[in-house]
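Beneath this line is the structure, given in structure tokens, with notes to follow.
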Amino acid sequence: MTITLYHHPFSRAAATLWTLEEIGQPYELEFVDIMKGAQKQPPVVDLNPMGKIPVLVDGDVVVTENAAIALYLADRYSSGTLAPRLDDPRRGTYLRWSLFAPSVIEPGSMAKNSGWEFKPGAAGWGDYPAMIKAMEHAIAGRDYVLGDAFSIADVVFGGTIRFMLQFGMLEASPAFSAYAARLGARPACQRADARNAAITKEHGLAT
């Protein structure tokens, strides 16, 4: 059965599209007009009570959250290549940085930009300088988070860095910029960027 992604180019589903291009399985996109609140209406809200996208439907399986979708797709369709197998020692590093993006980078950046006051020890994402140091550590002296081998962890973790650099949400250090450039040179990433851009144009969305 064809995979269906409920998608809008201005949502995290834009990043999920890159995962689908890397995986190489047939898929369809279902446009969700988030500007009109369509994500809060059926069928999206029936699939995801949070009323958010991305939502991926693969046969009888429904998966939400960009990182979860990426890990699911890689394990199901690309185990041993884009996802380390369960007995591969690299599996821990792969999961570590895949989940670092939504659980640390996103809230940590929002906390800094919004001026939240909190005790770093009480927040799962800690403090911003420590977060940046950890991000730099993830790619220090290597091309990808697993070393020489690209994986779906780079789509999630690296895709977050790439997005933040694009919108000026992260200082463009040489390491981050070089990493983002390597990712952007991947044909699957370029196909996803082109398709997101085409959908943006097709629906007359302001950029």
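Out of the residues in region 58-76 that are outside any helix (DSSP H, G or I) and β-branched (Val, Ile, Thr), state the one that is surrounded by the fewest Cβ atoms within 10 Å (Cβ to Cβ).
Checked region 58-76; the qualifying residue surrounded by the fewest Cβ atoms within 10 Å (Cβ to Cβ) is Val61.
Of all residues being part of a strand (DSSP E or B) and not aliphatic (A, V, I, L, M) in region 12-57, which is farthest from Ile69 (Cα to Cα)? Just the residue, please.
The residue in question is Phe31.
Filter region 132-151 for residues that are surrounded by 12 or more Cβ atoms within 10 Å (Cβ to Cβ) and not charged (D, E, K, R) and give the result.
Result: Ile132, Ala134, Met135, Ala138, Ile139, Tyr144, Val145, Leu146, Gly147, Ala149, Phe150, Ser151.
Just name the residue that is surrounded by the fewest Cβ atoms within 10 Å (Cβ to Cβ) out of those in region 4-22 that are without any contact (Cβ under 8 Å) to a residue 60 or more places away in the chain and farther than 13 Å from Lys52 by Cα.
The selected residue is Thr4.
Return the residues of region 74-105 that are closer than 19 Å to Leu20 by Cβ, out of contact with any strand residue (DSSP E or B) (no Cβ under 9 Å at 6 or more places or on another chain) and not hydroxyl-bearing (Ser, Thr, Tyr); say none if nothing qualifies.
Gly80, Leu82, Ala83, Ala101, Pro102
State whether one or more residues within region 151-162 are of a type in the set (Asp, Glu), within 30 Å of Thr2 (Cβ to Cβ) and within 15 Å of the chain's Cα centre (by Cα).
yes
Pull out all pairs, ordered by first then second residue, where Cβ-Cβ is under 6 Å, the residues are six or more apart or on different chains, the first lies in region 42-70 and is among the hydroxyl-bearing types (Ser, Thr, Tyr), and the second is surrounded by 13 or more Cβ atoms within 10 Å (Cβ to Cβ) and part of a loop (DSSP other than H, G, I, E, B).
Every condition considered, the pairs that remain are Thr64/Asn48.
Yes or no: Ala197 in contact with an Asp or Glu (Cβ under 6 Å, 6 or more places away or on another chain), over 21 Å from Leu99 (Cβ atoms) and touching a residue at least 12 places away in the same chain (Cβ under 8 Å)?
no
Answer yes or no as to whether Ala38 is surrounded by 21 or more Cβ atoms within 10 Å (Cβ to Cβ), over 24 Å from Gly80 (Cβ atoms) and touching a helix residue (DSSP H, G or I) at 6+ places or on another chain (Cβ under 8 Å).
Criteria not met by Ala38.
Could you look through region 92-131, keep only residues that are more than 17 Å from the chain's Cα centre (by Cα), small (Gly, Ala, Ser) and in a helix (DSSP H, G or I), and pick out the one that is surrounded by the most Cβ atoms within 10 Å (Cβ to Cβ)?
Applying the filter and picking the extreme gives Ala111.
A short reminder: the numbers here are calculations on the coordinates, not readings from a lab. Note that this is a predicted model, so its numbers are computed, not measured. All Cβ positions, even for glycine, are placed from backbone atoms using ideal geometry, and neighbour counts span all protein chains on display.
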